[in-house]
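Colleague: The structure is given below, and queries will be raised subsequently.
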Amino acid sequence: MKDFDTVIYGGQVVNSTHTVTCDIGIVDGRVVALGEHLEGGQERIDANNLLVLPGGIDSHVHLAQPSGSAIMADDFTSGTKSAAFGGNTLVLPFALQPVGESLADAVQAYQAKAQGKALTDYSFHPIITDPTEPVLRELPNIIRSGHRSLKIFMAYDGLKLSDRQILDVFAVARREKALVMIHAENYDMIRFATEALASDGKLAPKYHAAAHAMAAEEEATNRILALAEWMNVAIAILHVSTRRAIEEIRAAQRQGVQVFAETCPQYLVLTAEDLDRPGKEGAKFVCSPPPRDPDSQAACWEGLKNGVFALFSSDHCPFRFEGAGGKQPTSGELDFRSIPNGIPGIETRLPILFSEGVTAGKIDVNRFVAVSSTNHARIYGFYPKKGLIAVGADADIVLWDPSQRVTISQRILHHDCDYTPYEGRQVTGWPVRTLLGGKTIVHEGSLCAEPGVGQFRAQGTPTQPHVQQAA
Ligand SMILES: [Zn+2]
């Protein structure tokens, strides 16, 4: 047998179902052996006292995506660099269809933007903004070429689909066995509340949370569940933030509706009160849905624990705070209606979940791996090459120091955004080395790879995630 290129020895290897202390032998970018005391290896990596995890998969990020006059800080290089420093090896940004244009062209344009630029592997979810007859006819080819998850919005001017348009997309998705990802908020409820607040002169950032009421998310969640059940199509409801929405999803899952749910760090550790921080600081927390309240946070933790949430993603949407196209206006007062919706978080997703979840005893380390890696690979069609450490899988591996204490700060992050909403937050547990296809891309705070090392990965057939026993 050929010698191993790399042996990772002495670590605790964690998968979504179990943990075992063993060594990992890597040849040509893949795991070829798991065993005790593996000899040899051109390179030997000591993992004593470390956890050895499948690389994080962040299936909800926005990179290089135009958004009106707002400027998105991260392109494919800075975004994937930040992802790699945060322990991720695969990210799934979106390819946005400009209204009136071809979706296939949009996907191609994003392929070109990413080509040769990425430091982690990547794939795309096409966003359908304008499902005309010609676009619906393009869809089967797009899906078959490895874009099996389609995103639609129920809110936002220029993005929102009507119920009728959603049904048209669902019909194609069902036929082609694609998954439809949903931004579920009621457009008219948000408009109505926004206009009422504005006419009272209530324009500070905190009113963003009032405009995007929990009820608006809950209504849209209910409606999309009803439409999906009626059409018998698989959906994933993104960035779920309220207790009632979680309960509705759980009830639908129990009835056999094919619905996956996702939540994000901002719904675990931020609240609407952060939007009311002094001065202009509140603008740094404006995203949709907005962070809610302590009871919603508790509900999100319960959902992560009991399996309602299969997915934990960042929804990294890096709008800058300062400067033209940023969150605060270059002149005049802050007006929540014009603050770009989105916050950065691609690098801090795993440390926050590990620290607040695993270190704090809310979830175990296997569940951590499930919701941050394995289930993303299963649902979006990369399993069993990605999302686990097993013979035959890609050697996308993160060495994790469970006892390292870090204070999150803009100073230590690698995105091109100019702030982090988690400034000053202390976490315990941090990624110390990231390997992509067996090659170290980040080690102890240094980048060890060139842009282009990350490859496009087409989505294959999805597999059902293991559903944890619902309590
Ligand atoms: Zn998003």
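Colleague: Could you list, in sequence order, the residues of segment 303-319 that are part of a helix (DSSP H, G or I) and surrounded by 21 or more Cβ atoms within 10 Å (Cβ to Cβ)? Let's see the steps before the verdict.
Modeller: First, the residues of segment 303-319 that are part of a helix (DSSP H, G or I): 303-306.
Within segment 303-319, GLY303, LEU304 qualify.
Colleague: Let me ask something else. If you take the residues of segment 294-327 that are closer than 30 Å to PRO66 by Cβ and among the acidic types (Asp, Glu), which of them is farthest from the ligand (Cβ to nearest atom)?
Modeller: It comes out as GLU322.
Colleague: Specify which of the listed residues (GLU322, GLU347) is closer than 17 Å to HIS60 by Cα, among the acidic types (Asp, Glu) and not in a helix (DSSP H, G or I).
Modeller: So the residue among GLU322, GLU347 that is closer than 17 Å to HIS60 by Cα, among the acidic types (Asp, Glu) and not in a helix (DSSP H, G or I) is GLU347.
Colleague: Can you name the number of the only condition in (1) more than 26 Å from LYS385 (Cβ to Cβ); (2) in contact (Cβ under 8 Å) with a residue 12 or more places away in the chain that SER162 fails?
Modeller: Among (1) more than 26 Å from LYS385 (Cβ to Cβ); (2) in contact (Cβ under 8 Å) with a residue 12 or more places away in the chain, SER162 violates only (2).
Colleague: Same structure, new question: Return yes or no: is ALA211 out of contact with any strand residue (DSSP E or B) (no Cβ under 9 Å at 6 or more places or on another chain) and at pLDDT 95 or above?
Modeller: yes
Colleague: Read through the list (1) part of a loop (DSSP other than H, G, I, E, B); (2) surrounded by fewer than 24 Cβ atoms within 10 Å (Cβ to Cβ); (3) of a type in the set (Lys, Arg), then give the number of the only condition that LYS327 fails.
Modeller: Going through (1) part of a loop (DSSP other than H, G, I, E, B); (2) surrounded by fewer than 24 Cβ atoms within 10 Å (Cβ to Cβ); (3) of a type in the set (Lys, Arg) one by one, LYS327 breaks only (2).
Colleague: While we're on this one: Going through segment 328-338 one residue at a time, which ones are in contact with a Gly (Cβ under 9 Å, 6 or more places away or on another chain) and either within 16 Å of the ligand (Cβ to nearest atom) or modelled with pLDDT under 90 (or both)?
Modeller: THR330, the sole residue that qualifies.
Colleague: Checking the conditions here, which among VAL7, VAL32, VAL61 is at pLDDT 95 or above and under 22 Å from ASN375 (Cβ atoms)?
Modeller: VAL61
Colleague: If you don't mind, another one. Of all residues in segment 420-439, which are in contact with a strand residue (DSSP E or B) (Cβ under 6 Å, 6 or more places away or on another chain) and outside any loop (DSSP other than H, G, I, E, B)?
Modeller: Passing the criteria: GLN426, VAL427, THR428, GLY429, TRP430, PRO431, VAL432, ARG433, THR434, LEU435, LEU436.
Colleague: Right, next: All but one of (1) surrounded by 24 or more Cβ atoms within 10 Å (Cβ to Cβ); (2) aromatic (Phe, Trp, Tyr); (3) free of Cβ contacts under 8 Å to residues at least 60 places away in the same chain hold for TYR122; which doesn't?
Modeller: So TYR122 meets the others, but not (3).
Colleague: So, in segment 47-66, of the ones that are part of a strand (DSSP E or B) and among the hydrophobic types (A, V, I, L, M, F, W, C), which residue ends up surrounded by the fewest Cβ atoms within 10 Å (Cβ to Cβ)?
Modeller: From segment 47-66, those part of a strand (DSSP E or B) are 51-54, 56-58, 61; that's our starting set.
When the remaining residues are screened for being among the hydrophobic types (A, V, I, L, M, F, W, C), the result is 51-53, 57, 61.
Numbers: LEU51: 22, VAL52: 27, LEU53: 28, ILE57: 30, VAL61: 28.
The qualifying residue surrounded by the fewest Cβ atoms within 10 Å (Cβ to Cβ) is LEU51.
Colleague: Follow-up. Of everything in segment 95-122, what is within 16 Å of the ligand (Cβ to nearest atom), closer than 27 Å to SER162 by Cα and either among the polar types (S, T, N, Q) or touching a helix residue (DSSP H, G or I) at 6+ places or on another chain (Cβ under 8 Å) (or both)? Give them in sequence order.
Modeller: Residues of segment 95-122 within 16 Å of the ligand (Cβ to nearest atom): 95-97, 110, 122.
Then keep just the ones that are closer than 27 Å to SER162 by Cα; that gives 95-97, 110.
Residues satisfying the conditions are ALA95, LEU96, GLN97.
Colleague: From the list ALA83, ALA70, pick out the single residue that is out of contact with any helix residue (DSSP H, G or I) (no Cβ under 6 Å at 6 or more places or on another chain), among the small types (Gly, Ala, Ser) and surrounded by fewer than 24 Cβ atoms within 10 Å (Cβ to Cβ).
Modeller: ALA70
Colleague: If you don't mind, another one. How many residues does segment 150-176 contain that are among the basic types (Lys, Arg) and either within 22 Å of the chain's Cα centre (by Cα) or within 16 Å of the ligand (Cβ to nearest atom) (or both)?
Modeller: Summing the residues that are among the basic types (Lys, Arg) and either within 22 Å of the chain's Cα centre (by Cα) or within 16 Å of the ligand (Cβ to nearest atom) (or both) in segment 150-176 gives 2.
Colleague: Give the residue, chosen from PRO351, PRO291, that is within 16 Å of the ligand (Cβ to nearest atom) and not aliphatic (A, V, I, L, M).
Modeller: It is PRO291.
Colleague: When residues of segment 340-380 are filtered for being surrounded by fewer than 23 Cβ atoms within 10 Å (Cβ to Cβ), touching a Phe, Trp or Tyr at 6+ places or on another chain (Cβ under 9 Å) and β-branched (Val, Ile, Thr), how many remain?
Modeller: 3
Colleague: Check whether at least one residue in segment 404-411 is without any contact (Cβ under 8 Å) to a residue 12 or more places away in the chain and under 30 Å from ILE71 (Cα atoms), and report yes or no.
Modeller: Our first condition is that a residue be without any contact (Cβ under 8 Å) to a residue 12 or more places away in the chain; within segment 404-411, this holds for 411.
Next cut, under 30 Å from ILE71 (Cα atoms) only: 411.
Checked segment 404-411: at least one residue is without any contact (Cβ under 8 Å) to a residue 12 or more places away in the chain and under 30 Å from ILE71 (Cα atoms).
Colleague: Given the criteria in contact (Cβ under 8 Å) with a residue 60 or more places away in the chain, under 22 Å from PRO465 (Cβ atoms), of a type in the set (Ser, Thr, Tyr) and touching a Ser or Thr at 6+ places or on another chain (Cβ under 8 Å), does THR374 qualify?
Modeller: Taking the combined requirement at face value, the residue satisfies it.
Colleague: Within segment 39-61, can one find any residue that is touching a Pro at 6+ places or on another chain (Cβ under 8 Å) and either within 16 Å of the ligand (Cβ to nearest atom) or free of Cβ contacts under 8 Å to residues at least 60 places away in the same chain (or both)?
Modeller: Yes, segment 39-61 has at least one match.
Colleague: Assess whether ALA184 counts as being within 16 Å of the ligand (Cβ to nearest atom) and crowded, with 19+ Cβ neighbours inside 10 Å.
Modeller: Details: within 16 Å of the ligand (Cβ to nearest atom): yes; crowded, with 19+ Cβ neighbours inside 10 Å: yes.
In short, yes.
Colleague: Check segment 268-282 and report whether any residue there is touching a strand residue (DSSP E or B) at 6+ places or on another chain (Cβ under 6 Å) and buried (at least 24 other Cβ atoms within 10 Å of the Cβ). Even if it seems obvious, please write down each step before you answer.
Modeller: Quick first cut of segment 268-282, residues touching a strand residue (DSSP E or B) at 6+ places or on another chain (Cβ under 6 Å) only: none.
No, because not a single residue in segment 268-282 is touching a strand residue (DSSP E or B) at 6+ places or on another chain (Cβ under 6 Å) and buried (at least 24 other Cβ atoms within 10 Å of the Cβ).
Colleague: Any residue at all in segment 402-411 that is crowded, with 17+ Cβ neighbours inside 10 Å, modelled with pLDDT of 95 or more and touching a helix residue (DSSP H, G or I) at 6+ places or on another chain (Cβ under 6 Å)?
Modeller: no
The values are calculated or read from the model by the stated rules, or taken from the named source; none is laboratory data. All values derive from a computational prediction rather than experimental measurement. In this analysis, Cβ positions are derived from the backbone assuming ideal geometry, glycine residues included, and neighbour counts consider all displayed protein chains.
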